[in-house]
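My questions will all concern the structure given below.
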Amino acid sequence: MKYSVLADVYEELEKHSSKLKKRDILAELLKEASVKDLGLLAKIITGSVSSLETGVSTSMIIKAIGKASGNPESEVKNTFKRKGDLGITAEELIKSKKQRALLKKELSVENVYDEIVNLPEISGKGSQERKLNSVAGILIAATPKEAKYIVRTILGQLRVGVAQGILRDSIAKAFDIDKKLVESAWNLNPDFGKIAEVAKKDGEEGLKKIVIDVGSPLMVLLAEKSPSLKDALESYENPVLEVKFDGVRTQIHKKGDVVKVFTRKLEDVTKQFPDIVKMAKTSIIAKECIIDGEAVGMDPKTNTPLPFQKLSRRIQRKYDIEKMIKEIPVEVNIFDITYLNGKSLYNISFKERRKLLEKSIKSTKDFKITKQLKTKDLKKAEDFYNKALAQGQEGIMVKNLEAGYQPGRKVGYWLKVKPTMENLDLTIIGGVWGTGKRTGFVGSLILGCRDKEKFLTCGMLGTGLKEKKTDDTDVTLEEITRLLKPHIISEKGSSIEINPHVVVEVGYEEIQKSPKYESGYALRFPRLIRLRTMEKPASQADTLSRIKYLYTIQKGKK
Ligand code: AMP
């Protein structure tokens, strides 16, 4: 398929915000595509290509655009400053290029895909130069419109609003297949390219034949948040309580002697966790199975759970693994089993799955089946909950013993109960100019907390800012940009420094220690609740000591 066809589709997708319209545009594209192109398209459209860490920085893209368009770097930087988007910068500068190549080759989706996928592979001496040449080479061959989307793809900023749900629905529409069937096949084999290929080649019958493949990751069951412990208990006839550990979801696959470990995002982390592989080989009695659990980092000195961020260092680490195992050993808590000796357990109740799990694993100190409390008694449940918090855990899970296993968050089989954190009033001390639909607006806000006379960064917020006002309490991008503009002190590239003036109320999931921010703390999943500028000056914003205090009381970390 010609890349220009895909670029036209991106342009159409950007124009429309309706999910149904996006689905229809994509369905048309999928219908046209050859079976071979389908796999590439699924990867390239959902952005999973750029998550391969292309290792290309903004400054390298600036150089490449300069090379491809015959402009000095300073000109590219100026255009970028004006447009706030490197894709548009590439489009504009390549459009005004004086000399056009005479024999321009037409780019195919495959050419672009191959080039991007190859970027992380370029390493060693002179790799920066070779990467630059590779990106510039492809931009030279591109039309202005193609260049815009190639740049965005490389930077992982495609932002055409195609989440996996839309792609899934577009496969169903393109090949006239029941949406539910596409979804269930995808849950068992979360590879859209593969699903699209099978749907095109063999239709419904082909999708029905997709089964669990031990060694390939599966989508996982997630929990909904319950407003209270009482609500959670009342939700099920037959509830069971478990501690909600603060670690990393680990899906462990065992087939004979081979063990693989995956995260909830389907990343293969087997190499990073040889300790888990070893424990699994010793503890799992079953010949072939897939089990679900949470790996928690432990402090080797005190043998108490470490915060999640410490353990997350192990996921990213590709070298010195043995050293990391000593520094951050893990304890694996197993809570479910989804496949056993050739059979999927999705349609078997949790009560039955648990029995099978107990028969499949020999618990040890570091690799053990999670303890449960079967109760509907609020008092007993509260004791269990308080104990979990006192141990430094996140909260508890309340699970339906009668339910099967179905991936997704809204399936209603698990409920999480954890303390809600009080909102913080913080001031905005910086930001980043948005790209794509957010061009011309401050798209992300840098939050600051007060420390005597100074303001220290403590998080970055983009969630909660609306494009259009649908409710009185909504804060739009336009509104926040208008409020912030008079207080901008300086700009560097797309980053802005802002005088502390605008105060916002911010909700979040958790406070974490973080060397990334000046305060030493970061809010996890911050979201804008409302503007507080009318009621509060920056001098009354929440302080670093408040954040420190909230950090110590959360999860019983006293
Ligand atoms: P959340 O990420 O807040 O939506 O909560 C769901 C996550 O909690 C799961 O993906 C697991 O990683 C984690 N978790 C910790 N303990 C348990 C447990 N006992 N049962 C299920 N999930 C758990």
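The values are calculated or read from the model by the stated rules, or taken from the named source; none is laboratory data. Small disclaimer: the values here were computed from a predicted structure and weren't measured. Heads up, the Cβs are rebuilt from the backbone with ideal geometry, glycines too, and the neighbour counts pull from every protein chain shown. For the accessible areas, the whole protein counts, side chains as well, though only heavy atoms, and no ligand, DNA or RNA atoms are used. Shrake-Rupley method; radii C 1.70, N 1.55, O 1.52, S 1.80 Å.
Whether any residue in region 327-339 is aliphatic (A, V, I, L, M), free of Cβ contacts under 8 Å to residues at least 40 places away in the same chain and more than 22 Å from VAL398 (Cβ to Cβ) is what I want to check.
yes
Name the single residue that is modelled with the highest pLDDT among those in region 452-485 being exposed (fewer than 15 other Cβ atoms within 10 Å of the Cβ) and over 26 Å from ARG159 (Cβ atoms).
Residue satisfying both the conditions and the ranking: LYS454.
Take ILE154 and tell me if it is over 22 Å from GLU110 (Cα atoms), open to solvent by less than 40 Å² (accessible area, probe 1.4 Å) and modelled with pLDDT under 95.
Considered against the rule, which asks whether it is over 22 Å from GLU110 (Cα atoms), open to solvent by less than 40 Å² (accessible area, probe 1.4 Å) and modelled with pLDDT under 95, ILE154 comes out as no.
Oh, and also: Of the residues that make up region 254-263, is at least one of a type in the set (Lys, Arg) and within 16 Å of the ligand (Cβ to nearest atom)?
The answer is no, given that none of the residues of region 254-263 is of a type in the set (Lys, Arg) and within 16 Å of the ligand (Cβ to nearest atom).
So ASP213 clears everything in (1) on the phi < 0 side of the Ramachandran plot; (2) within 13 Å of the ligand (Cβ to nearest atom); (3) open to solvent by 40 Å² or more (accessible area, probe 1.4 Å) except one condition, right? Which one?
(2)
How do the helices (runs of 4 or more DSSP H) wholly within region 174-248 filter down when requiring 2 or more residues that are modelled with pLDDT under 95 and under 27 Å from the mean Cα position of the chain (by Cα): which remain? Can you show your working first?
On the way: elements: 179-188, 192-208, 229-235.
Once the helices (runs of 4 or more DSSP H) in region 174-248 are filtered for at least 2 residues that are modelled with pLDDT under 95 and under 27 Å from the mean Cα position of the chain (by Cα), what remains is 179-188, 192-208.
Quick one: in region 337-356, which of the residues that are within 18 Å of PHE262 (Cα to Cα) and in contact with a helix residue (DSSP H, G or I) (Cβ under 6 Å, 6 or more places away or on another chain) is nearest to the ligand (Cβ to nearest atom)?
ILE337
Got a sec? Which of VAL432, VAL398, VAL411 is in a strand (DSSP E or B) and over 30 Å from LYS148 (Cβ atoms)?
VAL398
In region 216-227, which residue that is farther than 18 Å from VAL398 by Cβ and not hydrophobic (A, V, I, L, M, F, W, C) is nearest to the ligand (Cβ to nearest atom)?
PRO217
Quick check on my filter: what residues within region 166-187 are touching a residue at least 60 places away in the same chain (Cβ under 8 Å), more than 18 Å from SER34 (Cβ to Cβ) and open to solvent by 30 Å² or more (accessible area, probe 1.4 Å)?
ASP169, LYS173
Take the residues of region 228-253 that are of a type in the set (A, V, I, L, M), open to solvent by 10 Å² or more (accessible area, probe 1.4 Å) and under 10 Å from VAL398 (Cα atoms): which is farthest from the ligand (Cβ to nearest atom)?
The extreme case among them is LEU229.
Restricting attention to region 486-506, report how many residues are surrounded by fewer than 19 Cβ atoms within 10 Å (Cβ to Cβ) and part of a loop (DSSP other than H, G, I, E, B).
3
If you check LEU415 against the conditions, is it of a type outside the set (Lys, Arg), more than 16 Å from the ligand (Cβ to nearest atom) and at pLDDT 90 or above?
no
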